[in-house]
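In what follows, a structure is listed as structure tokens, so that the remarks can point back to it.
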Amino acid sequence: MMDTKRLEKILNEDGIVFLTYGGFLTQSLIVGMTEALEKESENAEISKKTSNNIFTIFIELSQNMMNYSKSHQQGDLKFDPKGMIVVGKNTRDRYYVLSQNIIAIEDKNNIEPKLQEILATDLDGVKKLYKEARRSGKHSHSKGGGIGLYEVAKRCSSIKYDFEAINSDKFYFKFKAVL
Amino acid sequence: MENLTIEATQYTPEIKLDASNGSISLVGKSYPENTFEFYKPMMEWLEEYFNGNAKEKTILNMEIIYFNSSSSKLFFDLFDVLDEAKDSQNIEVNWIYDEDNESALEAGEDFVDDFEDLTINLVVKA
């Protein structure tokens, strides 16, 4: 019999976990999970501002992972298309959204400068980056990957990220947004 | 010109395009899987509308609760279409938001900033 007490302990070690999922991400799953988060927010009486930010960050990160898997389905059959996402509240009463998926080195090289740029600036700086990127990408529809990170960063108080090498081509990309 | 209505879903807004009285309305949430595909009928309708079918006054009412970043880009493109038409048309936008939905207010303010020459009213939902 699975030790569910152990699983519960892990889930609750860093505060409370509202939602956790690890597997194939689809649009209907994301919609269902967003609705579960909406109910959770009502229950927990979270402010509209915070809860809308939680939903938006959650949707952004999970759809990013879904789109990434979709666009990497051909070719490398050993590429793990699953994603992991966690929404919770930490011991300092701050809500967070955590995501992890496997990405190729080209994509790491693409995202990393953006993340460094975000970390190097403040909220107003991020808002400027967001508006500039949105304005300039007028005729491109690259599934929002362009401004998604800024969308997340401007709705939380801090972001953290890490790239853990699996081999020379693949990395675990871990990302955490704390509201 | 035909009117077009698209029913809301849990993750896409209700879209009502009325050529007979020049009213466009979007109400709900926006996080479709493929944003470009979802809004294509609306964008094509608007192109036809502003290509000789526009009424004396066109009003866009937008009431979006929350939206993903690709929707944000799409809305920017939508405002761009209106901005391009405004010199020859009378266009007004109402960005409607719930009083305690700060991020919706902020999103509206961003559009006001980016489209200084468009009439965009930030309206608290009654």
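The values are calculated or read from the model by the stated rules, or taken from the named source; none is laboratory data. It should be emphasised that the depicted structure is a prediction, and the values quoted were computed from it without experimental measurement. FYI the Cβ positions are ideal-geometry reconstructions off the backbone, even for glycines, and counts take in every protein chain you see.
Per-residue answers, yes or no, for (1) out of contact with any helix residue (DSSP H, G or I) (no Cβ under 8 Å at 6 or more places or on another chain); (2) within 14 Å of another protein chain (Cβ to nearest Cβ); (3) touching a residue at least 12 places away in the same chain (Cβ under 8 Å):
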site	(1), (2), (3)
B:GLY28	yes, yes, yes
B:TYR31	no, yes, yes
B:THR35	no, yes, yes
B:MET43	no, yes, yes
B:GLU48	yes, no, yes
B:GLY52	yes, no, no
B:LYS55	yes, no, yes
B:LEU60	no, no, yes
B:ILE64	no, yes, yes
Legend entry - Residue that is nearest to B:THR35 (Cα to Cα), among those in region A:15-55 that are of a type in the set (Asp, Glu) and within 18 Å of the chain's Cα centre (by Cα): A:GLU35
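Would you point out the residue of region A:1-32, among those that are part of a loop (DSSP other than H, G, I, E, B) and of a type in the set (A, V, I, L, M), that is modelled with the highest pLDDT?
Checked region A:1-32; the qualifying residue modelled with the highest pLDDT is A:LEU25.
I want to confirm something. Restricting to region B:110-122 and keeping residues that are exposed (fewer than 14 other Cβ atoms within 10 Å of the Cβ) and over 13 Å from the mean Cα position of the chain (by Cα), which single residue is farthest from the other protein chains (Cβ to nearest Cβ)? Write out each step before concluding.
So the first thing to find is which residues in region B:110-122 are exposed (fewer than 14 other Cβ atoms within 10 Å of the Cβ), and the list is B:113, B:116-117, B:121.
From the residues that got through so far, the ones that are over 13 Å from the mean Cα position of the chain (by Cα) too are B:113, B:116-117.
Working: B:ASP113: 7, B:GLU116: 13, B:ASP117: 15 Å.
Ranking the qualifying residues of region B:110-122, first place goes to B:ASP117.
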Legend entry - Any pair with Cβ under 6 angstrom, 6 or more apart, that starts in region B:112-126 at a residue that is on the phi < 0 side of the Ramachandran plot and ends at one that is surrounded by fewer than 14 Cβ atoms within 10 Å (Cβ to Cβ) and acidic (Asp, Glu): B:VAL124/B:GLU99
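Please determine, by comparing only the residues of region A:1-59 that are among the acidic types (Asp, Glu) and touching a strand residue (DSSP E or B) at 6+ places or on another chain (Cβ under 8 Å), which one is surrounded by the fewest Cβ atoms within 10 Å (Cβ to Cβ). Full working, then the answer.
Step one: list which residues in region A:1-59 are among the acidic types (Asp, Glu), which gives A:3, A:8, A:13-14, A:35, A:38, A:40, A:42, A:45.
Adding the requirement that they be touching a strand residue (DSSP E or B) at 6+ places or on another chain (Cβ under 8 Å) leaves A:14, A:40.
On the way: A:ASP14: 14, A:GLU40: 16.
Ranking the qualifying residues of region A:1-59, first place goes to A:ASP14.
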Inset, instruction - Filter region B:56-109 down to residues that are among the β-branched types (Val, Ile, Thr) and within 25 Å of A:SER62 (Cβ to Cβ) and give me whichever is nearest to the chain's Cα centre (by Cα). - result: B:ILE64
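Can you go through A:GLY83, A:GLY148, A:GLY88 and tell me which one is more than 14 Å from every other protein chain (Cβ to nearest Cβ), in contact (Cβ under 8 Å) with a residue 40 or more places away in the chain and surrounded by 20 or more Cβ atoms within 10 Å (Cβ to Cβ)? Show your work before the answer.
Numbers: A:GLY148 fails: more than 14 Å from every other protein chain (Cβ to nearest Cβ); A:GLY88 fails: surrounded by 20 or more Cβ atoms within 10 Å (Cβ to Cβ).
Going through A:GLY83, A:GLY148, A:GLY88 in turn, just one is more than 14 Å from every other protein chain (Cβ to nearest Cβ), in contact (Cβ under 8 Å) with a residue 40 or more places away in the chain and surrounded by 20 or more Cβ atoms within 10 Å (Cβ to Cβ): A:GLY83.
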Inset, instruction - May I ask you to list pairs of residues, at least six apart or on different chains, whose Cβ atoms are under 6 Å apart, with the first in region B:70-86 being facing another protein chain (nearest Cβ under 8 Å) and farther than 19 Å from B:TYR11 by Cβ and the second being surrounded by 19 or more Cβ atoms within 10 Å (Cβ to Cβ) and at pLDDT below 95? - result: B:PHE76/A:ARG134
Inset, instruction - Name the one entry in B:GLU99, B:GLU92 that is farther than 15 Å from B:PHE50 by Cα, more than 7 Å from every other protein chain (Cβ to nearest Cβ) and surrounded by fewer than 22 Cβ atoms within 10 Å (Cβ to Cβ). - result: B:GLU99
Legend entry - Neighbours by Cβ (under 9 Å, 6+ apart or cross-chain): first from region A:156-179, without any contact (Cβ under 8 Å) to a residue 24 or more places away in the chain and closer than 14 Å to A:GLN116 by Cα; second among the small types (Gly, Ala, Ser) and part of a strand (DSSP E or B): A:SER158/A:ALA177; A:LYS160/A:ALA177
Inset, instruction - With respect to B:ASN53, determine if the residue is of a type outside the set (Phe, Trp, Tyr), at pLDDT below 95 and exposed (fewer than 15 other Cβ atoms within 10 Å of the Cβ). - result: yes
Legend entry - Hits in region A:23-63 (condition: closer than 19 Å to A:VAL178 by Cβ and more than 9 Å from chain B (Cβ to nearest Cβ)): A:LEU37, A:GLU40, A:SER41, A:ALA44, A:ILE46, A:THR50, A:SER51, A:ILE54, A:ILE57, A:PHE58, A:LEU61, A:SER62
Legend entry - Extreme residue, farthest from the other protein chains (Cβ to nearest Cβ), among residues of region B:11-26 that are free of Cβ contacts under 8 Å to residues at least 24 places away in the same chain and in contact with a strand residue (DSSP E or B) (Cβ under 7 Å, 6 or more places away or on another chain): B:LYS16
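Tell me, which residue of region A:64-79 that is charged (D, E, K, R) and either closer than 17 Å to A:LEU98 by Cβ or surrounded by fewer than 13 Cβ atoms within 10 Å (Cβ to Cβ) (or both) is nearest to the other protein chains (Cβ to nearest Cβ)? Spell out how you get there, then give the answer.
The first filter runs over region A:64-79 and keeps only residues charged (D, E, K, R), leaving A:70, A:76, A:78.
From what is left, the residues that are either closer than 17 Å to A:LEU98 by Cβ or surrounded by fewer than 13 Cβ atoms within 10 Å (Cβ to Cβ) (or both) are A:76, A:78.
Values: A:ASP76: 23, A:LYS78: 26 Å.
Restricting to residues being charged (D, E, K, R) and either closer than 17 Å to A:LEU98 by Cβ or surrounded by fewer than 13 Cβ atoms within 10 Å (Cβ to Cβ) (or both), the top hit is A:ASP76.
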